[in-house]
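The values are calculated or read from the model by the stated rules, or taken from the named source; none is laboratory data. Since the structure is predicted, the reported quantities are computational estimates derived from the model, not experimental observations. So basically every Cβ, Gly included, is an ideal-geometry build from the backbone, and we count neighbours across all protein chains shown. Accessible surface is based on the protein model in full, side chains and every heavy atom, while ligands, DNA and RNA are left aside. Shrake-Rupley method; radii C 1.70, N 1.55, O 1.52, S 1.80 Å.
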Amino acid sequence: MTTTSLSARQIESLALGAWILGTGGGGSPYHGLLNLRRLYKEGARVRLMDPADLADDAAVAVVSTMGAPLVMQERVVDPGPMVESIRAMEAYLGRPFDAVMAVEIGGSNALQPCQIGAVTGLPVVDGDAMGRAFPEAQMTSFAIHDLPMAPLTLVDVRDNAVIVARAASWKWMERLSRKACVEVGSIAATCKAPRTGREVKECGILYTVSKAIRIGETVQAAQAAHRDPIQAVIDGEGGRLIFRGKIRDVERRTTEGFLRGTATLDGLDGDRGRSFRLAFQNEFAVGWLDGRPVVMTPDLICVMDAISGEAIGTETLRYGQRVAVVALPAPPILLTPKGLAHVGPRAFGYDLDFRSVFAEAR
Amino acid sequence: MNRIGIDVGGTNTDAVLLEDDRVQHAVKTPTTADVMSGIRTALARLLRQAGGTPAVDAVMIGTTHFTNAVVQRRHLAKVAAVRIGLPASASLPPFIDWPEDLADLVRGQVHMLEGGHEYDGRPIVPFDAAGMREVARRIRDSGIDSVAVASVFSPLNGSCELEAETILREICPGVAITLSHRLGRLGLLERENVTLLNACLRDLARSTTRAFVDALVASGIRAPLYLTQNDGTVMLASEADAYPVYSFASGPTNSMRGAAFLSKREDAIVVDVGGTTSDIGSLRHGFPRDANGVAEVGGVRTLFRMPDLLSLGLGGGSLVTETPLAVGPRSVGYLLTEQGRVFGGDQLTATDVAVAANLVELGDRRRVATLSPALVRACVARMHAMIEEGVDRMKADASPVPLIVVGGGSFLVPDQIPGISEVVHVPHQAVANAVGAAIAQVSGEVDQVFQDLSRDRALAEAQRLAEAKATRAGADPTTLAVVEVEDLPLAYLPGNSLRVRLRVVGDIARGGAPRS
C-alpha cells in the first residue's frame with residue numbers, strides 16, 4: 001500500500017478547499033486546522049492513500065462529528081473522542097480498521113479523518129461519501145447505493161459511548177443518533193457504518209481529499225499572485241460563475257432542526273441591475289436569477305468572498321458582503337435518478353425538476 | 001449639561017467642550033509620547049478658550065493607548081490562564097493560534113480544569129474546585145498578578161468563573177481577575193483571547209487611568225471621568241480600568257458617532273479622511289455597524305464589537321506617482337506640512353493635487369502651477385473613483401443614503417457620488433472624534449441562547465437583561481432604547497433554540513454616575 005504524507009502546507013490548503021466544498025454548510029474547519037497544526041508541530045503526519053490501493057476486504061472507518069456548529073464554537077472539537085469513536089467500533093466489530101475516511105468532504109468534517117490519522121497512524125482514504133456537505137445521514141453515496149447504515153458508534157468527551165446496533169432505515173439511524181447526540185450536549189464524534197475496501201471503491205466518491213487540497217492551493221496561488229481567486233477556481237475545477245453581487249438581505253429560521261433561510265443579492269459588475277435569491281438548508285440549495293431557478297442541489301453552490309475567494313458559510317452570511325456565487329460540478333452518482341431522489345431539489349422540499357448548470361453548458 | 005470629549009490619536013490629541021448639543025470650544029494639539037502631557041496641554045488650551053473652568057458634568061476620553069500596547073508589544077503583563085471545561089476542548093489550550101512573540105510575552109502559566117457547561121446550561125462535569133484551589137496556590141507562589149478565567153459556555157452560565165474568582169480572592173488576594181463571561185460572546189477561543197488580552201493590560205490600564213484622573217485634577221476639573229468603548233458608549237474610568245480591551249477601536253467609532261452628531265443624521269455612510277487612510281463605515285441609528293467576522297487585534301483573533309470599516313490607502317498625505325499613475329497607499333503622513341509641495345517640500349501628494357485642482361486652498365499654490373492639467377484631472381478622477389468604490393462597498397443596500405465627510409482630508413471627497421443622496425460637510429469636522437467621545441452613551445448587551453420560548457418572548461427577555469446591564473453601567477433607564485437586535489435560530493439544536501444578540505443604549509444618568 002502506498003501513501004503520501006501530507007505537508008503542513010497541504011493541510012492548510014485542505015482546510016481552505018474543504019470550506020469551499022462545504023457549499024455554505026459543514027462548519028468552519030478552523031478548529032480542526034488548529035488541532036492538526038499542533039499535531040504536526042509534535043511530529044505527527046497524515047498519510048493519504050489512494051482508494052484504489054484498498055484491499056477488497058479492508059475495514060474502513062467512516063467518521064464525522066455530529067452536532068450544532070455553534071456548540072462547536074464553545075465545546076471545541078477534540079481528536080480524543082474522534083479516536084475513541086473508531087476504537088469503540090473496533091471493539092464492537094472485533095477487528096481493527098485499516099484506514100479512515102470522511103463521510104463529508106465539505107467543511108469541518110473533512111479534517112476529522114486527518115486528525116484521527118495523525119493520532120493513530122491510520123492512513124486517510126482519498127475520498128468521502130458526499131463530495132460536498134449535506135445535512136442528513138441518508139444523503140450519502142453509500143445510502144444511494146443501499147449499503148447498510150448500521151452499526152454506528154457515538155462518543156463524547158466524558159467517554160460516554162453509544163452503539164446503534166441496528167436501525168430500520170437511514171431516517172431511523174438519523175433519529176436515534178441525533179437523540180443521543182443532543183443528550184451529550186449536541187456535539188459528539190461518530191463512526192458510521194464501517195465499509196469494506198470494495199464498498200469504498202465502488203460506492204464512495206473518490207479523490208475528493210486531493211480535490212479539496214487542489215482547490216485550496218488554487219485559491220492560495222491566486223491570492224499570492226494577486227489574481228482573481230474565483231476565476232482561478234472556476235478555471236481549475238470546470239466551474240461556472242453564476243452571479244456576482246452584494247448581499248442585500250438575509251433571513252434565517254429554524255425548522256425541523258435545520259437552519260433554513262434565504263439570502264437576496266443585488267448584482268455587481270456584469271450582473272448589475274439583476275437580483276439573485278439563494279435558499280439554504282444548512283447548505284445552499286437553490287438559486288434564482290431574477291425569479292428563475294438557475295442553479296440547484298446537488299450541483300455545488302459555493303458562495304465565496306469576492307476579494308479573498310474564501311468560502312462564506314450560511315451562518316456567516318451578512319448584509320453588504322460582496323460575493324461570487326459559483327457552481328461546481330456534482331459527483332456523477334448524485335445525478336443519477338436514485339441520487340437525485342436522495343439529494344435533488346425535491347429532497348429539500350423544492351418542487352423543481354433538477355437541471356444542472358453544467359448540462360446546459362454541454 | 002457640559003461635557004468635555006478628548007480623543008488621543010496617534011498624531012493629535014483633540015479636545016472639545018460641549019454645552020448641551022453645541023460644540024462651544026475645540027482644540028487640536030500634538031499627541032505626546034507620555035500621552036498625559038498632551039492631554040494636560042489640550043485641557044489647558046480648552047479652558048483658556050472657555051475663559052476659565054466651567055462646571056463640567058462629565059469628561060470622556062477616547063484612546064488608542066491599549067490597542068497600541070498590544071500591537072507594539074509594550075507594557076504587557078504576564079498572565080496566568082485558567083480554562084475551565086475539561087474534559088472538553090482540551091486539545092486547543094489557551095494561547096493557541098497567538099503570534100509567538102506575543103504569546104511569549106503574555107503566557108505566564110496555563111491551567112486547565114474540569115467544569116464548564118453545555119449549551120442548555122447543564123454542567124459538562126462538576127467544577128473541580130479542589131483543583132482550582134491548587135491552581136490558585138501556584139499562581140500565588142509564582143508572583144503573577146493577573147489571571148484570565150474562561151469557562152466553556154460561560155456567557156450562558158458564568159457560575160464556574162464566579163467560583164474560580166471567589167477561590168482566587170481568598171488564596172491570592174490582590175491579583176487582578178478577568179472573567180470571560182463579563183467580556184463577551186459565544187466562541188470559546190475568541191472570548192478567551194479577549195480575556196487574556198484584557199488581563200495582560202490590567203496594570204497598564206490602572207496606571208493610565210490614574211494618570212487621566214491626575215491630568216483632570218491638575219486642570220481643576222471636577223467631574224466623573226469616562227473612557228469610551230469600541231461600540232460608541234462609555235464606562236466609568238473606575239470600572240473601565242478593569243476592561244481595557246473595550247477601548248479597542250474606539251477611535252473610528254468616536255469619529256463616526258461624532259459625524260452623526262454634527263450632521264444630525266442617524267443613517268448614513270461616513271468617510272473619515274486622514275493623512276494616510278480614509279476609513280469608511282456605515283451608521284445605523286446613529287451607531288457604527290459592527291463587523292460580523294473575526295476582528296484581529298495585534299494578530300489575535302477576537303469576536304469583538306468592532307465597527308465594520310473599510311480602510312483605503314488614500315489620505316491627504318498619500319504619495320502620487322505619475323507613471324504609472326498611482327495615489328497611495330504610501331503616504332508622508334504627519335510630515336505633510338514639511339514634505340508636501342505646497343508646503344515647500346518636494347513630495348507630490350494628494351493634497352498638492354487637490355490644491356492644483358482648486359479643491360482646497362492650502363500652502364503656496366504657485367508651487368503646483370507647473371503640474372500638467374491632464375495629470376491633475378486623471379489624479380483627481382482616480383481619487384474620486386477610489387472613494388466612490390469604497391462608499392459603494394460599505395452601503396448596506398441600494399437605496400440612496402447621505403455621506404458624511406469628516407477628517408482633515410475631506411476636500412478629497414467628490415461633491416456627487418452615485419448612490420449617495422447628499423455629501424454632507426459639517427462644522428468641526430476635523431475634531432469629529434473628540435465630539436464622538438463627548439456624546440457617548442451607556443450600553444448594555446446580551447448574547448445568549450434562549451430555548452423553548454417564542455421568538456417574541458425570547459427577544460423581550462433579552463431586552464430586559466440588556467436594560468438591567470445598561471442601568472447598572474450608569475444609564476438613565478428612561479432613555480434606554482434598543483439599537484441592535486439580531487436573532488439566529490440554531491441548526492440541529494432541539495426545542496426552537498434561538499441565539500439573540502441585543503443591545504440597548506441610553507444617556508448617562510444625570511448625577512447618577514455613582515463615583516468618579
Inset, instruction - Please determine, in degrees from 0 to 90 and to the nearest 10, the orientation of helix B:373-394 with respect to the longest principal axis defined by the Cα atoms of chain B, where the helix direction is its Cα long axis. - result: 20 degrees
Inset, instruction - Calculate the length of the line joining the C-alpha centroid of the range A:213-280 to that of the range B:428-505, in whole Å. - result: 31 Å
Legend entry - Cα centroid separation - the range B:194-270 against the range A:318-348, whole Å: 48 Å
Inset, instruction - Select from the range A:144-158 all residues whose loss of accessible area on going from the chain by itself to the full protein assembly reaches 30 Å² or more (probe 1.4 Å). - result: A:VAL157, A:ARG158
Legend entry - Solvent-accessible area of B:ARG122 with every protein chain in place, 1.4 Å probe, in Å² to the nearest 10: 80 Å²
Inset, instruction - With a/c under 1.5 counting as rounded, go ahead and sort the range B:147-199 into rounded, prolate or oblate using the C-alpha gyration tensor (a ≥ b ≥ c being the square roots of the eigenvalues; past the cut-off, prolate if a/b is larger than b/c, else oblate). - result: oblate
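By the gyration tensor of its Cα atoms, with a ≥ b ≥ c the square roots of the eigenvalues, what is the shape of the range A:34-173: rounded for a/c under 1.5, prolate for a/b over b/c, or oblate?
Numbers: a/c = 1.36, a/b = 1.16, b/c = 1.18.
In terms of gyration-tensor shape, rounded.
Sum up the charges of everything whose Cβ sits under 10 Å from the Cβ of A:VAL323, counting Lys and Arg as +1 and Asp and Glu as -1, but leave A:VAL323 out.
Every neighbour counted, the sum reads +2.
At 1.4 Å probe size, with every protein chain present, just tell me what the per residue accessible area of the protein assembly as shown comes to in Å².
Details: 32690 Å² over 878 residues.
Roughly 37 Å² per residue, with all protein chains present.
Could you order the peptides A:87-95, B:469-477 from most to least packed, using the average number of other C-beta atoms within 10 Å per residue?
B:469-477, A:87-95
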Inset, instruction - Hey, can you grab everything whose amide H is under 5 Å from the amide H of B:SER89? Only 5+ residues off in sequence or another chain; H modelled, so Pro and N-termini drop out. - result: A:VAL76
Inset, instruction - Find how many whole Å separate the alpha carbon centroid of the range A:44-75 from the alpha carbon centroid of the range A:131-207. - result: 12 Å
Legend entry - In order through the range A:19-32: 3J(HN,Hα) via Karplus (6.51 cos²θ - 1.76 cosθ + 1.60), integer Hz, x for Gly, Pro: 5, 5, 5, x, 6, x, x, x, x, 5, x, 4, 5, x
Legend entry - Environment charge at B:ASN157 (Cβ cut-off 12 Å; Lys +1, Arg +1, Asp -1, Glu -1): -4
Legend entry - Solvent-accessible area, 1.4 Å probe, carbon plus sulfur percent, for the range B:18-101: 50 percent
Legend entry - Cα gyration tensor shape for the range A:232-298, rounded if a/c is under 1.5, else prolate or oblate: oblate
Inset, instruction - Return the average number of partner chain Cβ atoms within 10 angstrom of each residue Cβ along peptide B:497-507. - result: 1
Legend entry - Cross-link reach list, lysines versus A:LYS211, counting only Cα pairs under 21 Å and skipping chain neighbours closer than eight places: A:LYS201
Legend entry - Positive-end extreme of charge dipole, the protein assembly as shown - chosen from B:ILE6, A:VAL125, A:THR3 (charges on Cβ): B:ILE6
Inset, instruction - Choose one of B:LEU86, B:PRO123, B:LEU76: the residue whose Cα lies farthest towards the positive end of the charge dipole of the range B:1-147 (beta-carbon charges +1 Lys, Arg; -1 Asp, Glu; about the Cα centre). - result: B:LEU76
Inset, instruction - Mind pulling the angle between the C-alpha long axis of helix A:79-93 and the longest principal axis of chain A? Nearest 10 degrees, somewhere in 0 to 90. - result: 50 degrees
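Given charges of +1 on the Cβ of Lys and Arg and -1 on the Cβ of Asp and Glu, with all other atoms neutral, how large is the dipole of the range A:295-362 about its Cα centre, in debye to the nearest 20? Write down the numbers at each step before the final one.
Numbers: 6 positive and 7 negative charges, 23 e Å.
My answer is approximately 120 debye.
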Inset, instruction - Counting other Cβ atoms within 10 Å, keep those with at most 16, restrict to DSSP loop, and tell me which trypsin sites (Lys or Arg not before Pro) in the range B:189-222 are left. - result: B:ARG222
Inset, instruction - Could you run the numbers on buried accessible area between A and B, total for both chains, 1.4 angstrom probe, in Å² to the nearest 100? - result: 3800 Å²
Legend entry - Share of Cα-Cα pairs in chain A lying beyond 33 Å, as whole percent: 23 percent
Inset, instruction - Please name whichever of A:ALA347, A:LEU176, A:ALA58 sits farthest to the positive end of the charge dipole of chain A, dipole taken about the Cα centre and charges placed at Cβ: Lys and Arg +1, Asp and Glu -1. - result: A:ALA347
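Work out the length of the dipole vector of the range B:253-325 about its Cα centre, built from +1 on the beta-carbon of each Lys and Arg and -1 on the beta-carbon of each Asp and Glu, and round it to the nearest 20 debye. Working shown, then result.
Working: 7 positive and 8 negative charges, 59 e Å.
Taking the Cα centre of the range B:253-325 as origin, the dipole is about 280 debye.
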Inset, instruction - Figure the gain on full extension for B:THR370 and B:GLU266 (residue separation times 0.36 nm, minus the Cα-Cα span) and round it to one decimal in nm. - result: 33.1 nm
Inset, instruction - Would you tell me the accessible area of A:TYR40, worked out with a 1.4 angstrom probe on the heavy atoms of the protein chains, in Å² to the nearest 10? - result: 20 Å²
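Charges only on Cβ, +1 for Lys and Arg, -1 for Asp and Glu: so what's the dipole of the protein assembly as shown about the Cα centre, in debye to the nearest 20? Write down the numbers at each step before the final one.
Details: 90 positive and 100 negative charges, 128 e Å.
Computed about the Cα centre, the dipole is about 620 debye.
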Legend entry - Qualifying aspartates and glutamates (Cα of each under 12 Å from Cα of A:LYS171; at least 8 residues distant if same chain): A:GLU136
Inset, instruction - Quick one: angle between helix B:188-200 and the longest Cα principal axis of chain B, in degrees between 0 and 90, rounded to 10, please. - result: 80 degrees
Legend entry - Nonlocal amide H pairs with A:VAL103, under 5 Å, H built at 1.01 Å: A:VAL63
